[in-house]
Amino acid sequence: MSIDPKRSLQDAHPLVFAVIPSPLDDLTLVARGDALVAIYFAQHARRPADATLGERVSADAVPVLARTRAQLGEYFAGERDRFDLLLDPDGEEFAQRVWARLREISRGHTISYGEIAAELGQPGAAQAVGGAVGRNPLSIVVPCHRVVGAGGSLTGFAGGVARKAALLELEEGEDARASRLF
């Protein structure tokens, strides 16, 4: 998975989007050229109106959307830990740094907002990290669901806390699942 910061496709290619089913909800995949721009749940906080997402297309009609659908299918089947897609999310420099750190969180692991802030050299910026995580336009692919509150509490998620819990449970290893009391 890579982001090419020197390459902006905004002027060269219009946005297009496709809606695909997933085990958690329909997902709206948004692309610009050969890059994935966003993934939104149907009930997504801060989801832009469909009218701003460009033309609705079949996922098969756009190679990056077809690859995204295939890789998400592998992810939900437990066959994929990381995504191999060109990404072009819109966001300011601090948010881009936070999103880059999110991509480093391995499947089945979590990290707190405060830990990310400290890693970025801004230990007092947990709320700013939370804001950037909340604005992540690439749900699942940029795994913001792996960020938890202090002490491991499940805090906000643009797709809803229930979906966050479901994603974390999906990523849980067999050993962790077997050791749970519930």
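The values are calculated or read from the model by the stated rules, or taken from the named source; none is laboratory data. Being a predicted model, the structure only gives us computed values, none of them experimental. Using ideal geometry, Cβ is built from the backbone for each residue, glycine included, and neighbour counts are taken over all protein chains shown. SASA here: full protein model, heavy atoms, side chains in, ligands and nucleic acids out. Shrake-Rupley method; radii C 1.70, N 1.55, O 1.52, S 1.80 Å.
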Residues of segment 62-93 being assigned to a helix (DSSP H, G or I) and open to solvent by 70 Å² or more (accessible area, probe 1.4 Å), which ones? Pro63, Arg67, Arg69, Glu93
Go through segment 18-51 residue by residue and tally those that are within 16 Å of Ala166 (Cα to Cα) and of a type in the set (D, E, K, R). 2
Among the candidates Ala166, Ala117, single out the residue that is at pLDDT 90 or above, over 19 Å from Leu85 (Cβ atoms), open to solvent by less than 30 Å² (accessible area, probe 1.4 Å) and out of contact with any Lys or Arg (no Cβ under 7 Å at 6 or more places or on another chain). Ala117
Members of segment 148-170 that are part of a helix (DSSP H, G or I) and on the phi < 0 side of the Ramachandran plot: Ala150, Val161, Ala162, Arg163, Lys164, Ala165, Ala166, Leu167, Leu168, Glu169, Leu170
Here are some residues: Val64, Val147, Val133. Which one is modelled with pLDDT of 95 or more and among the β-branched types (Val, Ile, Thr)? Val64
On the basis of being touching a strand residue (DSSP E or B) at 6+ places or on another chain (Cβ under 7 Å), more than 20 Å from Arg46 (Cβ to Cβ) and among the basic types (Lys, Arg), does Arg69 make the cut? yes
Residue within segment 36-52 that is at pLDDT 95 or above, open to solvent by 30 Å² or more (accessible area, probe 1.4 Å) and in a loop (DSSP other than H, G, I, E, B) present: no
Single residue of segment 1-13 satisfying the filter (exposed (fewer than 12 other Cβ atoms within 10 Å of the Cβ) and more than 15 Å from Leu85 (Cα to Cα)) that is modelled with the highest pLDDT: Ala12
With respect to Gln96, determine if the residue is touching a Lys or Arg at 6+ places or on another chain (Cβ under 7 Å), polar (S, T, N, Q) and modelled with pLDDT of 95 or more. no
Just the residues that are in a helix (DSSP H, G or I) and of a type in the set (Gly, Ala, Ser), please, taken from segment 94-147. Ala95, Ala100, Gly114, Ala117, Ala118, Ala126, Ala128, Gly130, Gly131, Ala132, Gly134
Pairs, please: C-beta under 8 Å, at least 6 apart or cross-chain, first residue within 21 Å of Leu53 (Cα to Cα) and in segment 90-105, second among the aromatic types (Phe, Trp, Tyr)? Gly91/Trp99
